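Worksheet: the structure to be examined is printed underneath.
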Amino acid sequence: MKQITKAAELTAAVEEAKKQGLEIGLVPTMGALHEGHLSLIERALKENDFVVVSLFVNPIQFNNKEDLEKYPRTIEADLDLVKSLELRVKDACTDRLIAFTPTVEEMYPQGEPKEVYHFGPVEEVMEGPRRPGHFSGVAVVVRRLFDLAQPKRAYFGEKDYQQIAVIRALLEQIKYPIELVPCPIVRADDGLALSSRNMRLSPEARAIAPTINATLEQAAEMAEYEDVDDVKEWVVDTLASFHEVNPSLCPNGLKFEPEYFEIVDARTLQPIDSWEAAGDLGAVGCIAVWLDGVRLIDIVKF
Ligand code: PAF
């Protein structure tokens, strides 16, 4: 693995790889890597000749200053993890894996970018109205990474389900011939979706956090015989009342506070009111829940 901090140096490495006819895979991350990210990098290494992993906490996608400040930064451990993939993946030798770790000034040399992206209905639901400017900020950094890494394929985790729809819309807008590769969520043994934010949970909160996935899995079973609105209501009520039903597991006012749970068409992300209304990709349930001051998201496919 080679670490690169300068955009010009990344461009030079990419140009050299292209000259050799190598296919490039891009895995954009904000660092604080876990097995979920490693699964994306591993897949990218298997499917491409040359892989760029970016580790950059993108300030312009945070609509909440405190969230940006609290976002975990673990660069040395991250680089060790990326290096460890060289042992795990056959042929992932030094010269075909790049960790791109720019500063904010390197990514945005002209200061805060002025460009603003709009994606219509896919961004007007769920995360969109709750995090104004978030998806535009994601689009700005992802486009910059596309320009620098010139990938054939780009890898994104399905936990951020709406982000994938937004990147798909971005690719349609900018007409880059990049294959978007959505990758399944990686979960801890107890079912909790791996997330960089999990490390901010107290031990008590971490112990009950798998309830989110367990509730979603039960919702998928209920979908066999209950209608959409009943499933939605049941999920929100089950999580919101968890501390009342299980007081011994919830010391010091610990509780789940669901921000939203929507059941949407998996392609358009528009809410559906009956299972039959879902299109070719089916329906997906997307949730955001506060627990112990940490905002967790997860999905379930119906
Ligand atoms: O999903 C993330 O970690 C970020 O939104 C991304 C895609 C790396 C852009 O900063």
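Being crowded, with 20+ Cβ neighbours inside 10 Å and not β-branched (Val, Ile, Thr) is the filter; apply it to the range 212-231 and report the residue that is nearest to the chain's Cα centre (by Cα).
By that ranking, first place goes to Asn213.
Only residues that are loosely packed, with under 15 Cβ neighbours inside 10 Å and without any contact (Cβ under 8 Å) to a residue 24 or more places away in the chain: list them for the range 178-201, please.
Asp189, Asp190
Condition test on Ile75, is it within 12 Å of the ligand (Cβ to nearest atom) and over 24 Å from Lys152 (Cβ atoms)?
Numbers: within 12 Å of the ligand (Cβ to nearest atom): no; over 24 Å from Lys152 (Cβ atoms): yes.
Spelling it out, it is not the case that Ile75 is within 12 Å of the ligand (Cβ to nearest atom) and over 24 Å from Lys152 (Cβ atoms).
If I ask for residues that are assigned to a loop (DSSP other than H, G, I, E, B), closer than 19 Å to Glu23 by Cα and in contact (Cβ under 8 Å) with a residue 60 or more places away in the chain, which ones from the range 147-177 would you list?
Passing the criteria: Gln150, Pro151, Lys152.
Within the range 105-118, can one find any residue that is of a type outside the set (Ser, Thr, Tyr), under 30 Å from Ile272 (Cα atoms) and at pLDDT 95 or above? Walk me through it before giving the result.
First, the residues of the range 105-118 that are of a type outside the set (Ser, Thr, Tyr): 105-107, 109-116, 118.
Retained after the next criterion (residues that are under 30 Å from Ile272 (Cα atoms)): 116, 118.
Within this subset, residues satisfying the condition of being at pLDDT 95 or above are 116, 118.
Yes, the range 105-118 contains at least one residue that is of a type outside the set (Ser, Thr, Tyr), under 30 Å from Ile272 (Cα atoms) and at pLDDT 95 or above.
What are the residues in the range 96-126 that are open to solvent by 30 Å² or more (accessible area, probe 1.4 Å) and under 24 Å from Glu76 (Cα atoms), if any?
Selection gives Arg96, Thr103, Val104, Glu105, Glu106.
Any idea which of (1) closer than 30 Å to Ala169 by Cα; (2) touching a residue at least 24 places away in the same chain (Cβ under 8 Å) is the one Gly279 doesn't satisfy?
The single condition Gly279 does not satisfy is (2).
Of the residues that sit in the range 155-167 and are within 20 Å of Glu47 (Cα to Cα) and more than 9 Å from the ligand (Cβ to nearest atom), which one is most open to solvent (accessible area, probe 1.4 Å)?
So, considering only residues that are within 20 Å of Glu47 (Cα to Cα) and more than 9 Å from the ligand (Cβ to nearest atom), the one most open to solvent (accessible area, probe 1.4 Å) is Glu158.
The values are calculated or read from the model by the stated rules, or taken from the named source; none is laboratory data. As the structure is a computational prediction, the values presented were derived from the model and not from experiment. Note that we place each Cβ from the backbone using ideal geometry, even for glycine, and neighbour counts take in every protein chain shown. These accessible areas exclude ligands, DNA and RNA; they are computed on the full protein's heavy atoms, side chains included. Shrake-Rupley method; radii C 1.70, N 1.55, O 1.52, S 1.80 Å.
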